[in-house]
Amino acid sequence: MAASKCTQLTAALSRQLLDSVDCVLFDCDGVIWRGDQAIPGAPEVISSLKKNGKRVFFVTNNSTKTQQMYADKLGKLGFDVTADEVFGTAYCSAVYLKNVCQLDGKVYLIGSNAMRQELEDVGIRPVGVGPDPVSGVQKDWANVPLDKEVQAVLVGFDEHFSYMKLNRALQYLCNPDCQFVGTNTDTRLPLEGGKAVPGTGCLLSAVETAAQRQAQVVGKPSNFMFECVASQFGLDPERCLMVGDRLDTDIMLGSNCGLKTLLTLTGVSTVAEAEANQKSECPQQQKMVPDYYIDSIADILPALQA
Amino acid sequence: MAGAAVGGRGCVTLRGAQIRDLLDAKHDVLFDCDGVIWNGETAVTGAPEVVSLLKQRGKRVFFVTNNCTRPRENYVQKFSRLGFTDVAEEEIFSSAYCSAAYLRDVARLQGKVYVIGCGGVMKELRDAGVPVAEEEDAEPGASIYTCPLDPDVKAVLVGYDENFTFMKLAKACCYLRSSECLFLATDPDPWHPLRGGRVTPGSGSLTAALETASSRKATVIGKPSRFMFDCISSQFGLDPARSLMIGDRLETDVLFGSNCGLATVLTLTGVSTLQEALAFRDSQEPQQKHCAPDYVMESVADILQALEE
């Protein structure tokens with residue numbers, strides 16, 4: 001545990017911190033972009049880090065894009081990244097099902113086309129994507145035909161979520177051997193245009209309640225998101241910095257994996273919340289205290305370019 | 001004996017004379033429906049005769065169900081179809097009927113209610129004179145960012161809805177952003193049993209989605225919440241000490257009885273088992289102990305045998 005925590009990252013401390021790490025992992029929304037706009041200075045920070053010999057990765061709970069789709073979005077916003085540097089939950093869930101769940105068959109998928117694609121790319125066959133309107137009467141629903149090759153149910157963000165999909169997931173999950181995985185528990189999508197859009201966490205709540213079972217969750221703050229990157233690229237946690245805007249996902253992940261942590265104030269969490277966690281007696285809340293905080297990641301640019 | 005024992009309700013299996021003694025002490029009998037007096041479209045053997053016999057002996061009989069899919073008039077037809085000869089609409093209390101009563105009489109709603117629910121709920125709301133926000137057909141390309149919100153909505157009611165969609169969830173969540181907007185759920189049942197041991201998602205699962213989306217807790221009308229008992233009592237004047245609750249689901253029917261100070265009977269023709277009841281009885285947690293019934297019967301038909309002896 002660091003001797004001091006929740007310290008403002010001054011220019012001098014920036015230099016020191018950057019020298020102590022070889023790799024920087026960034027959350028995306030609220031850190032390097034907001035909606036469809038890059039945070040000013042963020043693209044330059046990424047380029048500078050790379051010029052300084054640091055490896056850079058992006059770790060996001062969003063399940064609606066493949067690695068390539070993220071690389072395309074980042075490219076359009078002026079970031080210089082490659083697809084293999086971006087770890088969203090569509091990709092990570094596919095890896096999780098393949099490597100951790102040891103899946104060798106089909107998965108019933110409540111999720112996006114991006115999730116379907118990432119699953120197919122690792123050799124898992126998804127069923128169920130797309131609209132699924134109700135038909136027939138109640139007694140038909142308990143008897144929907146089940147694909148015997150389905151070995152798991154995977155729940156991610158799905159704008160086509162419906163009673164029928166909830167019902168199918170429940171029927172599969174009545175079999176205790178059927179595995180149950182969720183991409184993330186975020187309750188809302190990042191605010192766009194002022195309306196709060198329900199997030200994957202809501203859909204997962206519905207399925208967990210109906211099935212009376214708990215899902216294995218892939219996304220932050222689960223360690224798997226870091227382990228997925230670390231195992232592919234050989235990272236040393238002590239030489240890694242996690243940069244995020246949410247105490248309960250990004251900073252918690254960093255604490256759990258033994259990374260250094262930096263909270264940026266361009267997103268959800270505030271310094272006041274971090275300090276309240278710091279004063280708390282609760283061990284869980286203590287994990288949601290960053291080592292450092294900064295107004296925006298653009299503020300480390302001077303230290304990088306010096 | 002009225003069940004108010006602290007720390008350990010009996011799970012006593014009742015037979016013959018014991019059932020007669022229990023009934024002698026009670027004036028009103030509340031029955032759950034699914035798994036107690038019928039299963040799907042089949043009456044539990046002896047149940048119609050039990051209801052008639054209790055009434056002949058001067059007891060009042062009420063039906064208390066979390067099933068919100070039918071309006072009361074449909075329930076009357078179902079009772080008749082299954083051989084229950086003298087059940088009146090006034091004796092039937094469903095979570096749909098009680099949700100409408102709550103909005104009209106307790107919340108005294110000034111405005112409209114946005115409903116995630118089925119035909120049964122809509123009918124009860126209309127019959128109670130509670131205005132419902134109209135659901136416009138989704139235009140192609142409509143999204144949560146562009147769909148109109150009704151400024152008159154002052155309450156959200158969520159229940160079983162086979163037409164549940166992401167859009168409905170998102171709209172309800174928008175309405176709930178105002179702390180003045182009431183948040184009600186018809187019942188908490190996570191799943192409903194169908195014939196052959198199968199299940200289908202219940203109101204509780206849809207409520208969980210909306211609670212997570214809104215970071216708010218719903219006020220639940222159905223069992224095990226007290227409201228349905230208060231609703232019956234406001235119309236018929238019930239004395240808990242002289243009332244008996246008979247159900248098949250420990251976490252809803254028995255806990256409901258417990259919450260209202262009623263003696264409780266678990267019948268084994270539905271969802272919960274004797275082993276589950278004993279586990280609740282022997283639990284250290286107070287909330288779990290309240291799910292253990294005072295008495296257990298194989299079936300409501302046991303009452304018939306007891307009364308005819």
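Coordinate-derived values only; no laboratory data. For clarity, every value in this text was computed on a predicted model and none was experimentally measured. Glycine also receives a Cβ, built like all others from the backbone with ideal geometry; neighbour counts cover every protein chain displayed.
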To the nearest 20 Debye, how big is the dipole of chain B about its Cα centre, given +1 on the beta carbon of each Lys and Arg and -1 on that of each Asp and Glu? 420
Run the numbers for A:N52 and A:L77: contour at 0.36 nm per residue of separation, minus the present Cα-Cα distance, in nm. 6.9 nm
Are any of the pairs A:K98/A:K287; A:K65/A:K220; A:K65/A:K98; A:K76/B:K171; B:K154/B:K217 more than 21 Å apart by Cα-Cα distance, and if so, which? A:K98/A:K287; A:K76/B:K171
Debye sum, Cα scatterers, the range B:188-260, no solvent: what log₁₀ I/I(0) at q = 0.11, 0.17, 0.21 1/Å? -0.36, -0.77, -0.98
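Summarise the partner chain shielding of A:160-172 as one whole number: the mean count of Cβ atoms from other chains within 10 Å of each residue's Cβ. Let's see the in-between values first.
Numbers: counts 3, 7, 8, 12, 5, 4, 6, 7, 1, 1, 8, 4, 0.
Mean partner-chain Cβ count within 10 Å for A:160-172: 5.
To the nearest 20 Debye, how big is the dipole of the protein assembly as shown about its Cα centre, given +1 on the beta carbon of each Lys and Arg and -1 on that of each Asp and Glu?
Details: 58 positive and 77 negative charges, 71 e Å.
Roughly 340 debye for the protein assembly as shown.
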Tell me, what is the Rg over Rh of the range B:109-219, with Rh the Kirkwood radius over Cα pairs? 0.97
How are the alpha carbon pair distances in the range B:220-281 distributed across 5 Å bins from zero to the largest one, expressed in percent? 4, 19, 28, 24, 14, 8, 3, 0
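More than 37 angstrom separation, counting every C-alpha pair in the protein assembly as shown; what % is that? Before the final figure, lay out each step's value.
Working: 83623 of 188805 pairs.
Everything past 37 Å amounts to 44 percent.
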Which log10 I(q)/I(0) values does chain B give at q = 0.14 Å⁻¹ under the Debye formula, counting every alpha carbon as one identical point scatterer? -1.04
Kirkwood Rh for chain A from C-alpha pairs, in Å, is 20.2
Across the residues of B:209-219, average count of Cβ atoms on other protein chains within 10 Å? 5
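When the dipole is taken about the Cα centre of the range B:109-219, and only Lys, Arg (+1) and Asp, Glu (-1) are charged at their Cβ, what size is it in debye, to the nearest 20?
Working: 11 positive and 15 negative charges, 76 e Å.
Computed about the Cα centre, the dipole is about 360 debye.
Per residue of B:172-183, count partner chain C-beta atoms within 10 Å of its C-beta, then hand back the mean as an integer. Could the numbers behind the result be given before it?
Values: counts 1, 7, 4, 0, 1, 2, 0, 0, 0, 0, 0, 0.
Mean shielding count: 1.
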